[in-house]
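These notes are about the structure you will find just below.
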Amino acid sequence: MSLLAGLNEEQSAAVVHAQGPLVVFAGAGSGKTRVITHRVAHLVGERKVAPWRILAVTFTNKAAAEMRERLTRLLPSGANDLWVGTFHAICARLLRRYADEVGVRKDFVIYDDADQRAMITRVARDVGLDERRFPPRMLAGAINRAKNDGLGPDDLPSGDSFEQAVQKVFATYEERMNVAGALDFGDLIYRMVRAMQANPELKHALQSRFEHVLVDEYQDTNHVQYMLVRLLCEEHRNLCVVGDDDQSIYRFRGADRRNILDFSRHFPDARVVKLEQNYRSTQRILRIAHAVVSRNIDREPKQLWTQNGEGNKVAVIGCVDERDEAATIVQLIRMLLESGLARREIALLYRIHAQSRVFEEALRYFNIPYRVVGGLRFYDRAEVKDLHAYLRVIQNPRDDVSLLRIINNPPRGIGKTAITRLLDSAARGGHSVWTALEQVEQDPAQAGAARSSLLKFRELIQGLQRLAATELPSIVAQNVLVETGYDKALQTEDSAEADARRENLREVIGSMKELEREATDPSLASYLELVTLQTDTDKTANEDSLTLMTVHAAKGLEFKVVIVAGLEEELFPHRGYSPEDDPDDLEEERRLAYVAFTRAEHRLFLSYAGSRRVYGELKMRVPSRFLREMPPADLDMLSSESGRPRAPSAPRPQSSYGSQPSYGSQGSYGGQARYRSEPPRPRSEPPRPSRATTESYVDRSEGSDYGDPGIRRGTYVRHPKFGVGEVHAVTSESPPRVTVRFPGWGEKTLLATYLEPA
DNA sequence: TCCGAATTAATTTTT
DNA sequence: TTAATTCGGA
């Protein structure tokens with residue numbers, strides 16, 4: 001029973017649960033991964049379930065790899081025969097195995113979002129849609145949403161013109177994808193579900209195969225994924241799902257929290273286990289996280305508790321603007337590092353990537369090693385995608401999107417006209433571009449130079465295909481770079497950027513070689529599948545650098561110290577360009593905040609700026625409502641050094657990086673910070689913030705020594721039309737509205753977003 | 001065919 | 001602000 005050693009009662013219950021559906025509500029830091037891995041180990045080791053009859057689904061490859069690794073250690077027999085993987089990877093594997101039954105080609109390629117977008121753009125043009133009225137990204141969104149809901153083109157409404165456009169594009173897109181032998185991410189799951197529904201034998205084969213199905217991060221499954229899970233476990237009914245509805249942060253991608261919230265309704269005989277003991281954070285951190293998320297109406301009631309200590313107060317640092325925020329936070333980080341903390345133990349989180357820039361500048365200024373997670377991914381680089389496109393065309397020349405990507409890259413005299421004619425020919429024949437290329441001799445429209453360029457390109461690809469029949473992928477890749485002239489073109493360019501691209505390509509080939517050494521099946525097809533499904537390589541995880549990332553990217557991670565920047569209205573909670581308040585959006589922002597805060601083990605720092613450049617425009621900012629929702633007793637309200645009032649016309653210092661901070665920790669980062677602290681605010685009365693609380697927060701007492709970076713009475717602001725005026729009152733916070741007296745114009749009430757500090 | 005100016009748009013994104 | 005994409009002229 002060593003598997004149960006060190007587990008608490010609830011964890012053990014989940015591990016040993018024998019038969020039937022089980023839902024585990026696993027709060028942040030409650031030992032979720034442990035439960036899931038130990039459960040699998042228990043099934044194999046104690047209950048003698050054959051490993052190949054266990055399916056464990058994760059959301060990331062990283063999580064899958066981690067689970068496999070842990071299981072390898074837990075199980076004497078190893079984890080090789082277990083089915084562990086993401087929904088997408090598992091479906092891809094099943095689709096290849098049952099390609100004939102499903103009706104897909106065994107050698108299908110997988111289109112990522114960019115490929116999909118390219119295809120949709122082309123289809124939309126071909127069916128004659130106005131790109132301005134129906135932007136491809138919206139069409140793609142609608143198509144993906146449909147697939148996430150398990151719907152095909154025929155299942156969609158066709159009321160308004162947009163719906164009609166979607167339906168038309170969707171249907172044609174499916175045809176084209178079929179011709180191209182390509183599946184998009186959504187297809188992988190959708191097609192599998194459809195096939196099981198349509199084919200009872202296939203359904204039965206799979207249902208009897210998987211005796212136990214386990215799903216991690218169940219709160220982020222979408223509807224088709226639910227359908228798939230449901231189908232797979234129909235026979236044995238041994239479904240174990242683990243998740244936390246409070247950490248569901250992918251609604252915008254179709255994740256449906258109802259899947260976990262309604263689990264007991266979907267499976268009435270389900271056992272429910274709640275893991276509420278947190279092993280990660282201090283009590284204060286949990287309290288403020290809970291204070292925010294518990295305001296959500298639609299959630300499973302639960303509250304994390306911990307035996308950990310009370311911990312330090314959560315520091316809230318008010319800053320002047322985003323540069324001041326960056327300078328202040330970097331100073332804070334320097335002090336944390338000086339106090340003995342390792343860089344890898346600190347994370348700086350933000351709501352959107354755009355926020356990282358100023359921090360990166362400040363960190364570079366002080367030579368603090370950092371890594372930015374997410375953003376531009378390695379495999380998304382143009383040159384990498386180009387090489388992969390060549391490889392994909394070699395493997396499957398019907399892959400139109402890839403073919404069109406490389407047909408004149410590097411330039412080889414195949415111009416717009418020649419390509420248009422080729423596309424016409426393909427459309428006429430209802431076949432792929434490659435087929436059109438094979439028939440180019442019969443096409444009278446292709447004449448002279450264009451025709452010979454096309455023929456030359458065709459021979460180039462055919463030659464590489466012959467090579468690929470016998471050689472390893474890395475050899476093929478090297479030949480691609482040489483024979484296509486791709487490398488030569490970069491060499492000729494002779495710029496630093498081109499050198500970097502060549503370096504990246506060398507790196508790709510290096511990693512291909514590495515994979516070939518390890519892989520059981522070092523084929524081009526398996527390499528290509530791997531790189532499309534495995535987006536992040538995460539090789540930098542071991543180096544000691546500070547981590548910068550979005551809150552989304554931080555899910556599942558933990559750090560000794562977490563700093564969350566930009567706790568301002570409009571930013572966090574984020575409101576992009578959606579004009580109206582969607583309560584569901586706000587609830588998701590709360591969950592996001594909950595995820596952010598619960599990443600912290602020992603200390604949590606929050607910051608906001610009083611003004612910030614948004615798309616180049618200086619905007620006034622209002623501190624996040626989330627701050628107001630936290631118990632004031634757990635907060636330390638502070639302001640940055642430069643948060644002190646300055647003469648309105650005083651020039652901004654060139655750089656605030658050199659200034660000494662007015663706060664610090666003594667000895668260790670765990671010590672009480674020497675921040676200037678404000679008198680405690682009266683407890684506000686959420687959820688409906690009264691005007692009074694608004695003022696007690698935003699409109700600090702006059703004559704205060706502390707500069708309030710936010711908008712308050714007396715602040716001078718500039719409006720594009722009315723000029724400079726004085727703020728008379730803050731009338732609402734969301735949207736931030738203020739009354740301003742403009743000389744010559746009188747008193748105006750307007751949105752603070754139109755104002756900048758004067 | 002290609003380069004640079006003009007235009008436009010701008011969350012989060014495990015796959 | 002920026003980055004990405006498109007368009008127009010050489």
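Checked against the criterion of being surrounded by 14 or more Cβ atoms within 10 Å (Cβ to Cβ), within 13 Å of DNA strand B (Cβ to nearest atom) and either of a type outside the set (S, T, N, Q) or within 23 Å of A:Val562 (Cα to Cα) (or both), segment A:361-370 has no qualifying residue.
Please go through segment A:102-161 and pick out each residue that is among the small types (Gly, Ala, Ser), within 16 Å of DNA strand C (Cβ to nearest atom) and not in a loop (DSSP other than H, G, I, E, B).
Selection gives A:Ala114, A:Ala118, A:Ala124, A:Ala140.
Remark: pairs (first residue in segment A:413-431, touching a residue at least 40 places away in the same chain (Cβ under 8 Å); second residue among the β-branched types (Val, Ile, Thr); Cβ separation under 6 Å; 6+ apart in sequence or on different chains) = A:Ile414/A:Ile407. Inside segment A:171-193, residues that are on the phi > 0 side of the Ramachandran plot and modelled with pLDDT of 95 or more make up a count of 0.
I'd like the residue in segment A:225-257 that is assigned to a loop (DSSP other than H, G, I, E, B) and acidic (Asp, Glu) and, out of all such residues, is farthest from the chain's Cα centre (by Cα).
Ranking the qualifying residues of segment A:225-257, first place goes to A:Glu235.
Consider A:Ser452 carefully, then state whether it is under 16 Å from A:Val123 (Cβ atoms) and either touching a residue at least 12 places away in the same chain (Cβ under 8 Å) or away from DNA strand C (no atom under 16 Å from the Cβ) (or both). No, not satisfied. Residues that are of a type in the set (A, V, I, L, M, F, W, C) and more than 14 Å from DNA strand B (Cβ to nearest atom) were ranked within segment A:110-139; the one that is surrounded by the fewest Cβ atoms within 10 Å (Cβ to Cβ) is A:Val127. Of the strands (runs of 3 or more DSSP E) lying entirely inside segment A:597-669, those containing at least 3 residues that are within 16 Å of A:Ile317 (Cα to Cα), of a type in the set (A, V, I, L, M) and at pLDDT 50 or above are A:600-609, A:635-639.
Of the residues A:Glu175, A:Glu217, which is out of contact with any Phe, Trp or Tyr (no Cβ under 9 Å at 6 or more places or on another chain) and not polar (S, T, N, Q)?
After applying the criteria, what remains is A:Glu175.
For the criterion of being over 27 Å from A:Ala596 (Cα atoms), part of a helix (DSSP H, G or I) and within 16 Å of DNA strand B (Cβ to nearest atom), A:Ile36 fails. The C-beta contact set for segment A:94-123 (first residue modelled with pLDDT under 90, second residue of a type in the set (S, T, N, Q) and assigned to a helix (DSSP H, G or I), distance under 6 angstrom, 6+ apart or interchain) comprises A:Asp112/A:Thr532; A:Val123/A:Thr172. Only one of the listed residues (A:Val316, A:Val292, A:Val272) is within 30 Å of A:Glu235 (Cα to Cα) and at pLDDT 95 or above. That residue is A:Val272. Counting only residues that are touching a Phe, Trp or Tyr at 6+ places or on another chain (Cβ under 7 Å), more than 15 Å from A:Glu570 (Cβ to Cβ) and away from DNA strand B (no atom under 16 Å from the Cβ), how many does segment A:584-627 have? Result for segment A:584-627: 4.
When the test is whether a residue is in a loop (DSSP other than H, G, I, E, B) and either modelled with pLDDT of 95 or more or over 39 Å from the mean Cα position of the chain (by Cα) (or both), A:Gln462 does not pass it.
Among the residues making up segment A:327-343, those that are out of contact with any Lys or Arg (no Cβ under 9 Å at 6 or more places or on another chain) and closer than 21 Å to A:Gln355 by Cα are A:Ala327, A:Thr328, A:Ile329, A:Val330, A:Gln331, A:Leu332, A:Arg334, A:Arg343.
Please state which one of A:Glu322, A:Glu310, A:Glu345, A:Glu338 is of a type in the set (Asp, Glu), more than 18 Å from A:Arg591 (Cα to Cα) and within 16 Å of DNA strand B (Cβ to nearest atom).
Every option except A:Glu322 fails the conditions.
When you look at A:Ile297, is it aliphatic (A, V, I, L, M), under 20 Å from A:Ala593 (Cα atoms), assigned to a loop (DSSP other than H, G, I, E, B) and more than 16 Å from DNA strand C (Cβ to nearest atom), yes or no?
Working: aliphatic (A, V, I, L, M): yes; under 20 Å from A:Ala593 (Cα atoms): yes; assigned to a loop (DSSP other than H, G, I, E, B): yes; more than 16 Å from DNA strand C (Cβ to nearest atom): yes.
Criteria met by A:Ile297.
Of all residues in segment A:460-519, those being basic (Lys, Arg) and under 23 Å from A:Gln534 (Cβ atoms) number 4. In summary, helices (runs of 4 or more DSSP H) completely within segment A:344-426 and bearing 3 or more residues that are within 13 Å of DNA strand C (Cβ to nearest atom) and farther than 28 Å from A:Glu483 by Cβ occur at A:356-365.
Filtering segment A:532-549 for residues that are within 26 Å of the chain's Cα centre (by Cα), hydrophobic (A, V, I, L, M, F, W, C), at pLDDT below 90 and farther than 13 Å from A:Pro473 by Cβ leaves a non-empty set.
Within segment A:7-33, the set of residues being closer than 29 Å to A:Val551 by Cβ, outside any loop (DSSP other than H, G, I, E, B) and among the polar types (S, T, N, Q) comprises A:Gln11, A:Thr33.
Total residues in segment A:48-94 satisfying the condition of being within 20 Å of A:Thr532 (Cα to Cα), hydroxyl-bearing (Ser, Thr, Tyr) and in a loop (DSSP other than H, G, I, E, B): the figure is 1. Answer yes or no as to whether A:Tyr250 is within 30 Å of A:Tyr594 (Cα to Cα), of a type in the set (Phe, Trp, Tyr) and in contact with a strand residue (DSSP E or B) (Cβ under 6 Å, 6 or more places away or on another chain). So A:Tyr250 fails the test. Within the bounds of segment A:438-445, is there any residue that is modelled with pLDDT under 85, of a type in the set (A, V, I, L, M) and within 14 Å of DNA strand C (Cβ to nearest atom)? No - not one qualifying residue is present in segment A:438-445. Entry remark, segment A:328-343: residues being assigned to a loop (DSSP other than H, G, I, E, B) and surrounded by fewer than 16 Cβ atoms within 10 Å (Cβ to Cβ) number 3 in total. Considering A:Leu524, A:Leu546, the condition of being in contact (Cβ under 8 Å) with a residue 40 or more places away in the chain and either of a type in the set (Lys, Arg) or under 30 Å from A:Ala600 (Cα atoms) (or both) is satisfied by A:Leu546 alone. Given the options A:Leu341, A:Leu391, A:Leu304, name the one that is over 24 Å from A:Ser30 (Cα atoms) and in contact with a strand residue (DSSP E or B) (Cβ under 9 Å, 6 or more places away or on another chain). After ruling out the rest, the residue left standing is A:Leu341.
Would you confirm whether any residue within segment A:3-17 is touching a Lys or Arg at 6+ places or on another chain (Cβ under 6 Å), closer than 17 Å to A:Tyr279 by Cα and touching a residue at least 60 places away in the same chain (Cβ under 8 Å)? Scanning segment A:3-17, I find no residue that is touching a Lys or Arg at 6+ places or on another chain (Cβ under 6 Å), closer than 17 Å to A:Tyr279 by Cα and touching a residue at least 60 places away in the same chain (Cβ under 8 Å), so the answer is no. Scanning segment A:599-610 for any residue that is under 18 Å from the mean Cα position of the chain (by Cα) and not aliphatic (A, V, I, L, M) turns up at least one such residue.
The values are calculated or read from the model by the stated rules, or taken from the named source; none is laboratory data. All of these numbers come straight from a predicted model, not from anything done at the bench. Quick reminder, even Gly has a Cβ in these numbers, built from the backbone with ideal geometry, and neighbours come from all protein chains shown.
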